[in-house]
Amino acid sequence: MSSRRTTVAFTAAALSTLLALTGTVAAQSPNRELIDGLEYQLLYAALPLTLFVLMILIYAAVKFHDNDDPQPTTEDPSLEITWTAATAIILLFVGLSGYSVLVNPYISPSQALDTDNQSQEGFDSFEDLPDTGDEEVHVRGYQWEWQATYPEANVTTENQIVIPANEDVTFWLTSDDVIHSLFVPDLGVKQDAFPGDYTRARTIVDEPGRYDVVCAEFCGAGHSRMQGEIVVVDSETYDQWLSENEGTVAEAPDPD
C-alpha cells in the first residue's frame, strides 16, 4: 500500500511540475499567441486524462499482478457507451479548438482575402497579386538565400526582412528553384514557398527587434545555412528607411 501511494504521489507531483514549467511567455505576434494558446489548451485537457489512464494502469498492475487465473471482462453496454461518448467529446473538443485557430486570418491569411472575394492562386508574377491593404513584402527564396523586395519603394534586402511594428504585414512568397519554407519561430510564422506559385503569410509584431528566420523545408546541401532575420522597427524608422534607400539593395536599419 505504501509503495502504491508513493507511486501515485510521485506521478501527481511530476505532472504538476510539468504544468508549472509550461507557463506562457509573452507572445510578440497574434500568430504565436494563437498557436501557444491552442497548445496550452490541449495540454491542460490532456494531462488529467493522462493521469486518469496512468492511475488505472497502476491499479490494474498492483491488483492483478499475481492473478494466476485471469477471467475475460464481461460485457457492459453502459461502460462501452460511456467511453465511446467520452472519446467523441474529446475529439470534438480538439477539432473545434484547432478549427478556431486555423480560420483566424493571421494563421490562414486567405481568410482575409476571401472577405473581398479574392484569391491568392493563379498569378504569374508579384505584380499580379491582389492588394491586401496590409504593408506588403515580396519574399523570394532560392538556394540558399532569402531576398525581400518592398514594392512601393523598390528597395531590396538580402536575408533581412524589414517590417514596421504594430502594423499588419503580408509576406508574399515564391521560390526560384525548389520548395523552401519561411519559418520565424518567435513570431509563429511559417509558410512554404513554391516555384512558380505565390503563397501568403500574415502577421503583426508588437515589439521592435530582431527575430531569426530559417528555412523549414529541406532544400539541398546548403539548407542549414539558409538563415536570415525579421527586423522590426517603429513606423517612422521604417518609412524613413524606405525613402532613403529607394531603388537600392539596402541593409536593415537598427531596431534599437
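Worth a mention:
- Among L96, I161, S110 the positive-end extreme of the charge dipole of segment 95-234 (Cβ point charges): L96
- A straight line joining the Cα centroids of segment 127-190 and segment 39-66 runs 45 Å.
- With a cut-off of 13 Å on the backbone N, the residues of segment 221-256 near the modelled label site 7 Å out from N154 along Cα-Cβ are 245-249.
- Dipole of segment 132-244 [Lys/Arg +1, Asp/Glu -1 at C-beta], most positive-end residue of A193, V139, V231: A193
- FRET efficiency, A46 to I179 (Cβ-Cβ, R0 25 Å, nearest 0.05): 0.15
- Looking at segment 83-207, the DSSP beta bridges with both ends there are about 70 percent antiparallel.
Values quoted throughout were computed directly from the atomic coordinates according to the rules given, and no laboratory measurement underlies them. What you are looking at is a predicted structure, and each value in this text was computed from that prediction instead of being measured. Here the Cβ is made from the backbone with ideal geometry for all residues, glycine too, and neighbour counts use every protein chain on show.
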